[in-house]
Amino acid sequence: MAIRNITQMGDPVLRKRCKEVTAFDARLHQLLDDMIDTLHKAEGLGLAAPQVGVLKRVCIVEYDDVLYELVNPVLLSSNGSCVDNEGCLSVAGFRGLVRRPQQIEISYFDRHGNKQHLEAEGYFARVFLHEMDHLDGVLFADKMIKKIIDED
Ligand code: ZN
């Protein structure tokens, strides 16, 4: 278990398309464990592998005290649309209003390679979509319709 450094906007690693995971091995488990430690230290809602410099399709989300580990996540369907406030551990100094689907259905693999399915809506859905964007090199700052500068 270890805290890893979180890459910041401007680092090219955040702009690459991540590769599919093919081995559900000890190395993947180490990456996930380190990402969990790093997320807890940073007190965020989610973290994607490129944010710790690893170009693999892996992200984690912690929402309502439940931790989700997503390997090779795929968006199966989405419905509706809503605008809400987002920030990112890789983007210091501002947040932004971003339009995203209201409801989503995703599939992914857990750390052992078992296929999982999940439906989410509202802010819960938003956190998954934000993290999944990271796997394609997309940041919320690319999509925001209004920039919100943090006070102080
Ligand atoms: Zn982010």
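The values are calculated or read from the model by the stated rules, or taken from the named source; none is laboratory data. Predicted model, so just to flag it, every value in this text is computed and none were measured. So basically every Cβ, Gly included, is an ideal-geometry build from the backbone, and we count neighbours across all protein chains shown. The protein model used for the area step is the full one, side chains on, heavy atoms only, and it has no ligands, DNA or RNA in it. Shrake-Rupley method; radii C 1.70, N 1.55, O 1.52, S 1.80 Å.
Sorting check: for 71-78, 45-52, 57-64, 25-32, which peptide has the highest mean count of neighbouring beta carbons within 10 Å, and how do the rest follow?
45-52, 57-64, 71-78, 25-32
Of all the Cα-Cα pairs you can form in the chain, what percent are over 24 Å apart? Walk me through the numbers before you get to the answer.
Numbers: 3099 of 11476 pairs.
The calculated P(r) of the chain puts 27 percent of pairs beyond 24 Å.
Would you calculate a helix-derived [θ] at 222 nm for the chain, using -39,500 (n - 2.57) for each DSSP H run of n ≥ 4 and dividing by the full residue count, to the nearest 500?
Mean residue ellipticity at 222 nm (helix-derived): -7000 deg cm²/dmol.
For a label point 7 Å from the Cα of Gln102 along Cα→C-beta, name the residues of the range 42-82 whose backbone N is under 11 Å from it.
Residues 79-82 fall inside that zone.
Which one, Ala42, Leu135, Phe124, is farthest towards the positive end of the dipole of the range 12-150 when Lys and Arg carry +1 and Asp and Glu -1 on their Cβ?
So the residue furthest toward the plus end is Leu135.
Where in the range 89-152 are there chymotrypsin sites (Phe, Trp or Tyr not before Pro) that are in a DSSP coil and have at most 11 other Cβ atoms within 10 angstrom of their Cβ?
Values: sites: Phe94, Tyr108, Phe109, Tyr123, Phe124, Phe128, Phe140; in loops: none.
Sparse-neighbourhood loop chymotrypsin sites (Phe, Trp or Tyr not before Pro): none present.
On average, how much accessible surface per residue is there in the chain, in Å², for a 1.4 Å probe, leaving out ligands, DNA and RNA? Could the numbers behind the result be given before it?
On the way: 7820 Å² over 152 residues.
I get 51 Å² per residue for this part.
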